[in-house]
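Only one structure is covered here, and it is reproduced in the block below.
The values are calculated or read from the model by the stated rules, or taken from the named source; none is laboratory data. No experiment lies behind these values; they were computed from the predicted model shown. Here the Cβ positions follow ideal geometry from the backbone for every residue, glycine too, while neighbour counts run over all protein chains shown.
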Amino acid sequence: MRADGWGNIPIVRMNNTNLMPGDKSLNDLVSMINDGIYMSAISSWSPSDDRSSFEFGCEIAWEIKGGKLGQAFKNPVFSGRTMEFWNSVAAIGNESSWTIWGTPNCGKGQPGQNARTGQGAAPILVTNVKVGAA
Amino acid sequence: MIDDRIVDIFKQAIKQSPADQTEFVCESEEFYLTRFAENMIHQNMGRSDSTIWCRVAVGKKVAVARSNNPSEQGVKDLNRIACDVARTRNDDPDFASFVGSKKAAESAGFNKKTFQHPAASRADAIAEIVGKARAANLTCAGTYQTSGTSLAVVNSLGTEQFGRTSEYRFTLTAAAPNGRSGWAQAAGRDASAFDFMSSAQRALDKASFTGEPVKLDPGQYTVILEPDAAANFLLFLAFLGFGGKTLYQERSFMSNRISQQIMGSNITISEDPQNSLIEYMPFDYEGVPRKKVVIVKDGIASAGVYDSYYARLAGTESTGDALPPDNNFGPYPKAMVLNGGDSTVDDMIKSTPSGIYVTRFWYLNYLNPMKTMVTGYTRDGTFLIENGRITKPVVDMRVQQSMLEAFLNVELLSSEQRLIPQYGALMLVPFMKIRDFTLSAA
């Protein structure tokens, strides 16, 4: 429970939600993929109100062919059903690629409240993800 | 809520400030809220607080300090902190000066009845709404708030502004046992004239709509957007491209396109703070009187809105749209009017052989700012239109749409406009009927 100041009601919030590291380096993950996309630098997020589906946008993506990074793409997007997505995780990056990310302005509530949140994560390899370009 | 005595405190502090230029801003709010859920009021609160900013310039070093202490000593201390910080800053080569302004017009947006609206009146309104909801086997949640806000801006270049506004805001989500929901919101300056039951009935009717929701294929549809949904697009366009910072930095979809057709010829958008329904604070956070700015005229990009910093860089004048001194977002319009047309929402529905009626969007976010491509969801009242009639609820869908393209494809605008509050803005917006609107499965 957190409030963004003395004058607001505390509300249930995700504070620090971490994905624990796996055992693959980023290079390992890329080399495991014959035909895929490496998404980087998330820039946009939009979950459904019940969080059952989502569409996220990134600044840049690279094609992966034969285990190697190739052509870069602007404004890539990916979307899916939340449970299907997380049930399709084939591998997780190790501690060397694990980083604490964060959001300085996570909004919630009526009237709105802002909070800083932290998310520790490593790159993940996910199969059968719908991708595109905006 | 702090009154105009703060102006004298600021003037005294400015006399003693060692900075080359000094500016004080005080935004003070007295805010009352009744919150309800599960058909019961579960919170009544009142809050009175102020934010005071001191912005100083020492040569080209500019710094801002912020507190909520309006006492003479608190204001002096804030000035000292701002000066200390300024001396540690690098020069801002683009900084020239703060701005001196003449007295702005009196604020017409303050209504004593709204400011003094009793909690019992809010509770009575909610009781009436809940009574109707219970009778219809619906569950309600929402907020009803009233507030008064004062803003004072004083600087060493002679600016002395003080104004007050009041506001009510109301939101309601009604939910049916089958999971369907309806939603409504309202805002205005005069709470005593607020027809809360009329607003609430919109949400109750949508939640009560019978029939199994139909799941539609991804595709391009004709949509009728309620003003809440249309206003969401309008404000996101403003964030992306109507402000002087995005225009100057060429990050705006209007950059280098002024005088070009960017929307349909039936679209005219103005920043109109003196509009009689909006009555926004008559000056901005630099004390510059807010001006009416025609942003898009008959679909042609006309002008952006500016604070003094980006106005100077762009070779124009401030339009009175500065945000608080410690913002890094840059100016954007907060009192927009999207001109209506001559249609009614009933005409729009009757003229639609196949389409979707949208109450509001949820969690819009940008995917490609220059293309104004956004994603998000429909929510709380999405219906199928068949042969000129609303026939069935629709399973909510994902929006994947360029907002500029949507505003190029507007077939009809209603003469009715609603006052929509979003993210600190108050907008006057009609219903819109738009063709070729892209929706996909959620």
If we keep only residues of the range B:123-146 that are assigned to a strand (DSSP E or B) and out of contact with any Lys or Arg (no Cβ under 8 Å at 6 or more places or on another chain), then the residue nearest to B:Y168 (Cα to Cα) is B:A141
Looking at the range A:41-66, which of its residues are loosely packed, with under 13 Cβ neighbours inside 10 Å, away from chain B (no Cβ under 13 Å) and part of a strand (DSSP E or B)? A:A41
Screening B:S28, B:S50 for residues that are within 14 Å of chain A (Cβ to nearest Cβ), in a strand (DSSP E or B), surrounded by 21 or more Cβ atoms within 10 Å (Cβ to Cβ) and not hydrophobic (A, V, I, L, M, F, W, C) leaves only B:S28
So, first residue surrounded by fewer than 17 Cβ atoms within 10 Å (Cβ to Cβ) in the range B:66-92, second residue in a loop (DSSP other than H, G, I, E, B) and modelled with pLDDT of 95 or more, Cβ within less than 7 Å, six or more apart or across chains; the pairs are B:D91/B:G59; B:D91/B:K60; B:D92/B:K60
Take the residues of the range B:8-20 that are crowded, with 18+ Cβ neighbours inside 10 Å and in contact with a strand residue (DSSP E or B) (Cβ under 6 Å, 6 or more places away or on another chain): which is nearest to the other protein chains (Cβ to nearest Cβ)? B:F10
Just need a number here: residues in the range B:360-376 that are more than 9 Å from chain A (Cβ to nearest Cβ) and of a type in the set (S, T, Y). 1
Sort out which residues of the range B:195-223 are more than 15 Å from B:D380 (Cβ to Cβ) and either touching a helix residue (DSSP H, G or I) at 6+ places or on another chain (Cβ under 7 Å) or free of Cβ contacts under 8 Å to residues at least 60 places away in the same chain (or both), and write them in order of number. B:D195, B:F196, B:M197, B:S198, B:T210
Result of the Cβ filter at 9 Å on the range A:72-91, keeping first residues that are in contact (Cβ under 8 Å) with a residue 24 or more places away in the chain and under 18 Å from B:A442 (Cβ atoms) and partners that are buried (at least 19 other Cβ atoms within 10 Å of the Cβ) and among the basic types (K, R), at least 6 apart or interchain, is A:S79/B:R398
Right, A:S25: surrounded by 13 or more Cβ atoms within 10 Å (Cβ to Cβ) and within 11 Å of another protein chain (Cβ to nearest Cβ) or not? no
Within the range B:377-398, restricting to residues that are buried (at least 22 other Cβ atoms within 10 Å of the Cβ) and under 30 Å from B:E167 (Cα atoms), the one that is nearest to the other protein chains (Cβ to nearest Cβ) is B:Y377
Matching entry among B:Q417, B:Q401 (being under 18 Å from B:I224 (Cα atoms), within 14 Å of chain A (Cβ to nearest Cβ) and among the polar types (S, T, N, Q)): B:Q401
Can you tell me which residue is farthest from B:V399 (Cα to Cα) among those in the range A:82-105 that are within 14 Å of chain B (Cβ to nearest Cβ) and modelled with pLDDT under 95? A:P104
Just the residues that are under 21 Å from B:P369 (Cβ atoms) and small (G, A, S), please, taken from the range B:396-419. B:S402, B:A406
Hey, A:N8 on the phi > 0 side of the Ramachandran plot and either in contact with a strand residue (DSSP E or B) (Cβ under 6 Å, 6 or more places away or on another chain) or of a type in the set (D, E) (or both) or not: no
Where in the range A:88-134 are the strands (runs of 3 or more DSSP E), entirely inside, with at least 3 residues that are within 30 Å of B:Q422 (Cα to Cα)? A:99-108, A:113-121
Is it the case that some residue within the range B:254-272 is assigned to a loop (DSSP other than H, G, I, E, B), closer than 28 Å to B:I52 by Cα and among the polar types (S, T, N, Q)? no
